Amino acid sequence: MLVTFDAANFAFALEDFNPSLHKPQPPGYPLFVGLTRLLHVFISDLPTLFTFAGIIATLGAVLALARLAEEIAGWRAAIVSAILLIFHPAVWTEGLLNPVRGFLATASACIGLLVWRAWNQGSNRGWIVGTWAALGLFSGFRPTVMLLLAPLCLAVGIRRRTSPVEWIHCGLALAVTVAVWVGACVWAVGGVSAYLALLRDYSDQQFTETSLLFGASVTPALKMAGRALIWSFGPAACWAWMMFLARSRELSAQFRPIGLFLLLWAVPSLLSATLFHSAEPGHVLTVVTPLCLVGGLVVAAVLRRWNSLGWTVGAVVVPAVCSVALFFYPPTSVMRLTSAEAVRLQERRVAPALALLNEYARRERLTVIASPASTVPWRLLAYYQPTIPLVVLHGQSDYWVMRHGRLESSGKGHVVVPCSDVQLWFPGGESTAATGFEAVGPALLSRINAGALLRVSDKEFALSRSCPALIAQE
């Protein structure tokens, strides 16, 4: 089954692409939606489809990173870098829960490879133009790629003394590839101004709670930064200890020529994750990718000193086994968010809720009541039972009524519950300490009588007045 809020958004987008309705969420990810629609022709089961899309993302990232490592330090570095990325806990977690984020690693590795080939002044200008084309193209999968990797693309252009004509070619390559996916988003939401307003509102929602730069308090901002650092550098412990086994002069000779390249590649993404937004492990994959390259280079330096079959096998196997162990046996609560436990937790939350919905939907008229803080994502409830009215509580006053994946009505204060015999509540941050509730599995059940009021957390809930069949039944 699908188990995340974003997965439900992308499932809705397979039939109706409209970022303004969160099909999927803004900015829209149109090229990922296009890829999944293409795969949907051959794969009907959506969890399998999205998992396969994540495998495609990982495969692209691994192949590009391996090629880059080979060009820098040979085949040993290529193999180790690829293995470190393949077995990285964040890659596995996002491949299972939110595969669109895997394209952050794909974009990072592919653009890193193109930049490296354009790094020297005498390189073919096709590489620098291709770099900007790739930047625009991968932004269609993850629009944040544009901001995270643009500094690296600018730096390589300055380093190789790109001529004004070549800069024009780069700009055209970027404009054409960006126009392809931005045009689809603008058309879907109803115009440029509507799309810009959508991006502004969504950015405010995402950043204001965790970023000091957007007005968040210190505690959540520091928590976000700390988690981003742990997700980025924690798994690097699987190979970092090998630095002590290599000759220091060899490590210095290895990294000195590429130090600026690595810093320009990794630091902008790390600053974004610590200062702006990194809600989940997948958001740091643009940092993880260059770190896996660094790990491959370190292990390759070790193997040049200790060149034997045993050392070769051990240097490859030990980091991979350690990464797998981190995924299945995370040592800290932060690392649990990038582990098998995170996946199992989502499954344990969602499966009983969907079973409960199916059970009651077969025998009674039902309304579901949830909120963004509910342990079961309300978007999944709306996707798997689209005909059941869903009341989504927002804050202290606002509420929506969703049906068939669309907003049917909205209001403030007094909540009008659509006609139903029974209401299933999936509590989150709001308190449901009121009489008249019955615990049923992961939900609470109520039966609001026609004309009666139910008060919960300073909110009043009443059945819709246009329920003649229910009133007659009473």
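The values are calculated or read from the model by the stated rules, or taken from the named source; none is laboratory data. Note that the coordinates shown come from a computational prediction; the quantities given were computed from them, not determined experimentally. Glycine gets a Cβ as well: all are built from the backbone with ideal geometry, and neighbour counts include every protein chain shown.
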Does at least one position in segment 377-388 carry a residue that is in contact with a Ser or Thr (Cβ under 8 Å, 6 or more places away or on another chain) and either outside the structural domain of Ser457 (by TED's automatic domain parsing) or closer than 20 Å to Leu463 by Cα (or both)?
yes
How many residues does segment 196-215 contain that are farther than 24 Å from Tyr29 by Cα and either crowded, with 16+ Cβ neighbours inside 10 Å or touching a His at 6+ places or on another chain (Cβ under 7 Å) (or both)?
1
Taking segment 433-470, which residues are at pLDDT 80 or above and more than 22 Å from Tyr360 (Cβ to Cβ)?
Glu460
Inside segment 367-387, the number of residues satisfying the requirement of being crowded, with 21+ Cβ neighbours inside 10 Å and over 21 Å from the mean Cα position of the chain (by Cα) is 4
Being in the same structural domain as Leu326 (by TED's automatic domain parsing) and farther than 24 Å from Pro24 by Cβ is the requirement here; does Gly126 meet it?
yes
Restricting the search to segment 278-321, which residues are more than 21 Å from Gly95 (Cβ to Cβ) and of a type outside the set (A, V, I, L, M)?
Arg304, Arg305, Trp306, Asn307, Ser308, Gly310, Trp311, Thr312, Gly314
I'm trying to understand the selection: among the residues of segment 7-61, which are of a type in the set (Ser, Thr, Tyr), touching a residue at least 12 places away in the same chain (Cβ under 8 Å) and farther than 18 Å from Val145 by Cα?
Ser20, Thr36, Thr51
Number of the exception - Leu38 against (1) among the aliphatic types (A, V, I, L, M); (2) within 29 Å of Ala118 (Cβ to Cβ); (3) more than 20 Å from the chain's Cα centre (by Cα):
(2)
Please give the number of the condition Pro47 fails out of (1) crowded, with 22+ Cβ neighbours inside 10 Å; (2) part of a helix (DSSP H, G or I); (3) of a type outside the set (A, V, I, L, M).
(1)
Which residue, of Pro389, Pro331, is over 19 Å from Val417 (Cα atoms) and modelled with pLDDT under 95?
Pro331
Taking segment 75-126, which residues are without any contact (Cβ under 8 Å) to a residue 60 or more places away in the chain and among the charged types (D, E, K, R)?
Arg117, Arg125
State whether the residues of segment 70-93 include one that is out of contact with any Phe, Trp or Tyr (no Cβ under 8 Å at 6 or more places or on another chain), assigned to a helix (DSSP H, G or I), closer than 20 Å to Glu341 by Cβ and at pLDDT below 95.
no
Wholly enclosed helices (runs of 4 or more DSSP H) of segment 188-279 bearing at least 2 residues under 19 Å from the mean Cα position of the chain (by Cα) and in the same structural domain as Leu14 (by TED's automatic domain parsing)
192-207, 218-233, 259-275
Filter segment 324-366 down to residues that are buried (at least 17 other Cβ atoms within 10 Å of the Cβ) and hydroxyl-bearing (Ser, Thr, Tyr), then give me how many there are.
3
So is Val321 surrounded by fewer than 21 Cβ atoms within 10 Å (Cβ to Cβ), free of Cβ contacts under 8 Å to residues at least 40 places away in the same chain and more than 29 Å from Leu148 (Cα to Cα) or not?
yes
